[in-house]
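I have placed the structure first, in the form of structure tokens, so that the comments after it can refer back to it.
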Amino acid sequence: KESNASFMPKLKQEQSFSNQLQPQASFKVAVLGAAGGIGQPLGLLIKMSPLVSALHLYDVANVKGVAADLSHCNTPSQVLDFTGPSELANCLQGVDVVVIPAGVPRKPGMTRDDLFNINAGIVKTLVEAVADNCPDAFIHIISNPVNSTVPIAAEVLKQKGVYDPKKLFGVTTLDVVRANTFVAQKKNLKLIDVDVPVIGGHAGITILPLLSKSRPSVTFTDEEIQELTVRIQNAGTEVVEAKAGAGSATLSMAYAAARFVESSLRALDGDGDVYECTFVQSELTELPFFASRVKLGRKGIEAFISSDLQGLTEYEAQALEALKPELKASIEKGVAFLHKQA
Ligand code: NAI
């Protein structure tokens, strides 16, 4: 069973809005950057999950109103708000999953790497607090550039002596969501059936959809492969340009992040059949971090799905080699940022 188009497959529609619904599990989830463009719809989607008993919302400003608003939804979880660094430790106490969409988004003409200078420091500070207050939590990094912010988070956790590589995840679910949508549209497939693994990283050519491994099995012409691959790689920029200065993907990103949260909670709850693509410490290639499908369990990553990297088409094999130098440089930039600070 794959996590797919519906990220809450076990919920009947009418149940999710019912005040009769008791929590099916009692996990605590924290969102850091909860008043932002991603944070608000993500908070709403997490508020709908029957697996959550407490939703902790943290931001440097404007989070009180978001929490008051969400708290009126008649779903089981209790919503609490936390504003500014003095309340961050309390926000993180006892939390099972921490999601980090804090930081600045792209404007037209910017690459994800252009966000590095601001977001690197934000992620560093927030992950330090995670290390001090809930070192066993699953950590989901959304803040860009993910290819660098995940290595930064890993270095922070190492310095604090609490790094568990099985529990630190760069959220690349949006690349999979986009690939599934675009392939289904192109091939007239039922959306819920389509699953395309996306490997590599989360920026430009480092995003590599493995169209040959699409399920159900589909054949593409060379032109279709080229067109779909480039569209998936540039889909974020499509949104940045359409929003024309008002930010980057927020709603589809919240949807994707909520799917990854739900998958993590199902894994923590003992579901033995949870798979997601994510950017993590990895030995699948010579790069120290790499996005691939992984199996999730109670203790984080249980297995890497290495078979996805076998039997690649020539196009995919070349694209994989071509992305490595850029991904390597982004990883090294993240690691170096932390050592410069030390
Ligand atoms: P936004 O600007 O709307 O919201 C960011 C929020 O972070 C704001 O509420 C801000 O107050 C908060 N924030 C800033 N500094 C903070 C700190 N030190 N502690 C806590 N909160 C802080 O931005 P948006 O659109 O929500 O994007 C957030 C990030 O997500 C950006 O870095 C963006 O590039 C990234 N992103 C990642 C995607 C992915 O696929 N991984 C897709 C889309 C965006």
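The values are calculated or read from the model by the stated rules, or taken from the named source; none is laboratory data. Note that the structure is a prediction, hence the values are computed from the model and not measured. In this analysis, Cβ positions are derived from the backbone assuming ideal geometry, glycine residues included, and neighbour counts consider all displayed protein chains. Side chains included, ligands, DNA and RNA excluded: accessible areas come from the protein's heavy atoms. Shrake-Rupley method; radii C 1.70, N 1.55, O 1.52, S 1.80 Å.
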If I filter segment 256-271 for residues that are open to solvent by less than 10 Å² (accessible area, probe 1.4 Å), over 30 Å from T221 (Cβ atoms) and in a loop (DSSP other than H, G, I, E, B), do I get at least one hit?
no
Tell me whether segment 40-49 contains one or more residues that are in contact with a Gly (Cβ under 8 Å, 6 or more places away or on another chain) and either open to solvent by less than 50 Å² (accessible area, probe 1.4 Å) or touching a residue at least 12 places away in the same chain (Cβ under 8 Å) (or both).
no
Looking at segment 143-152, is at least one residue outside any loop (DSSP other than H, G, I, E, B), open to solvent by less than 10 Å² (accessible area, probe 1.4 Å), farther than 18 Å from L296 by Cβ and more than 14 Å from the ligand (Cβ to nearest atom)?
yes
With the structure loaded, tell me whether K340 is among the basic types (K, R), closer than 23 Å to I142 by Cβ and out of contact with any strand residue (DSSP E or B) (no Cβ under 9 Å at 6 or more places or on another chain) or whether it fails that test.
no
Going by the structure shown, is V198 touching an Asp or Glu at 6+ places or on another chain (Cβ under 6 Å) and among the β-branched types (V, I, T)?
yes
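Going by the conditions given, is A267 hydrophobic (A, V, I, L, M, F, W, C) and out of contact with any strand residue (DSSP E or B) (no Cβ under 8 Å at 6 or more places or on another chain)?
So A267 fails the test.
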For segment 203-220, how many residues meet the condition of being surrounded by fewer than 16 Cβ atoms within 10 Å (Cβ to Cβ) and on the phi > 0 side of the Ramachandran plot?
0
Tell me the residue from E283, E227, E223 that is open to solvent by 20 Å² or more (accessible area, probe 1.4 Å), assigned to a loop (DSSP other than H, G, I, E, B) and at pLDDT 95 or above, please.
E283
Candidates D113, D136 - the one that is open to solvent by 10 Å² or more (accessible area, probe 1.4 Å) and at pLDDT 95 or above:
D136
Those residues of segment 71-97 which are touching a helix residue (DSSP H, G or I) at 6+ places or on another chain (Cβ under 8 Å) and among the charged types (D, E, K, R), in sequence order
D81, D96
Residues being in contact with a Leu (Cβ under 9 Å, 6 or more places away or on another chain), hydrophobic (A, V, I, L, M, F, W, C) and in a helix (DSSP H, G or I) - total across segment 240-255:
2
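Just to be sure before I move on: is K324 in a helix (DSSP H, G or I) and open to solvent by 50 Å² or more (accessible area, probe 1.4 Å) in the structure I sent? Steps first, please.
Details: in a helix (DSSP H, G or I): yes; open to solvent by 50 Å² or more (accessible area, probe 1.4 Å): no.
No, not satisfied.
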Among A267, A317, A303, which is the only one that is among the aliphatic types (A, V, I, L, M) and under 26 Å from D113 (Cβ atoms)?
A317
May I ask you to list the residues in segment 175-199 that are within 11 Å of the ligand (Cβ to nearest atom) and open to solvent by 10 Å² or more (accessible area, probe 1.4 Å)?
V177, R178
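Checking the structure you have, find out if any residue of segment 241-254 is within 16 Å of the chain's Cα centre (by Cα), open to solvent by 70 Å² or more (accessible area, probe 1.4 Å) and over 24 Å from K333 (Cβ atoms).
Yes, some residue in segment 241-254 is within 16 Å of the chain's Cα centre (by Cα), open to solvent by 70 Å² or more (accessible area, probe 1.4 Å) and over 24 Å from K333 (Cβ atoms).
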Can E314 be described as free of Cβ contacts under 8 Å to residues at least 40 places away in the same chain, under 28 Å from V97 (Cβ atoms) and open to solvent by 30 Å² or more (accessible area, probe 1.4 Å)?
no
If only one of V162, V156 is under 30 Å from A303 (Cβ atoms), of a type in the set (A, V, I, L, M, F, W, C) and open to solvent by 10 Å² or more (accessible area, probe 1.4 Å), which one is it?
V162
